[in-house]
Amino acid sequence: MTVVRMMRNHEVALSDEERLAVVRYLSDTRGLSVAETEGLRYILEREPVANDAGPSELMTQTCSRCHSYARVALQRRTPEDWEHLINFHLGQFPTLEYQALARDRDWWGIAQTEIHDFLSATYPMGEAPHPMTAICRAATFWRAANRGKAITRAR
């Protein structure tokens with residue numbers, strides 16, 4: 001989603017091969033583990049879901065009223081990047097503060113403080129692993145899956 005939005009909003013022209021290379025690089029260096037996506041993979045797999053609530057009523061009303069909460073919870077950002085995302089929302093959707101579930105509160109004030117602080121603490125940007133980490137992890141899983149099986153070399 002982010003790469004396509006970058007291409008569209010910033011008029012970045014990438015070929016299909018270049019876009020795939022960017023996505024592959026980001027997946028290898030910034031992809032989430034299976035444990036980190038637990039309970040949220042339905043959005044990645046495009047499965048219908050009956051209940052998509054945030055971890056609190058405030059998060060549900062602030063984020064999930066416009067899109068799935070999984071879209072938020074599957075991101076990792078620095079505090080500055082979370083701030084930019086909040087600003088992006090208001091810049092892209094200037095009537096956001098006047099829509100349902102925003103008129104009865106100081107949406108902008110809450111988003112800049114409570115929401116920003118929650119997102120920064122709950123979904124922080126970690127250190128990117130060395131690019132070889134993904135390859136080593138894949139090799140470890142392959143070895144575990146094939147332990148005890150006869151391996152033959154192709155000729």
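Placing pseudo-labels 7 Å out from each Cα toward the beta carbon at V3 and L85 gives an inter-label distance of 1.9 nm. Peptides 4-14, 68-78 ranked from most to least packed by the mean count of surrounding Cβ atoms within 10 Å: 68-78, 4-14. Taking amide H as placed 1.01 Å from N in the peptide plane, R77 has its amide H under 5 Å from the amide H of M125, each at least 5 places away in sequence or on another chain.
Each reported figure results from applying straightforward, stated rules to the coordinates on display, with no laboratory input. If you're wondering where the values come from, they're calculated on a predicted model, not measured in any experiment. FYI the Cβ positions are ideal-geometry reconstructions off the backbone, even for glycines, and counts take in every protein chain you see.
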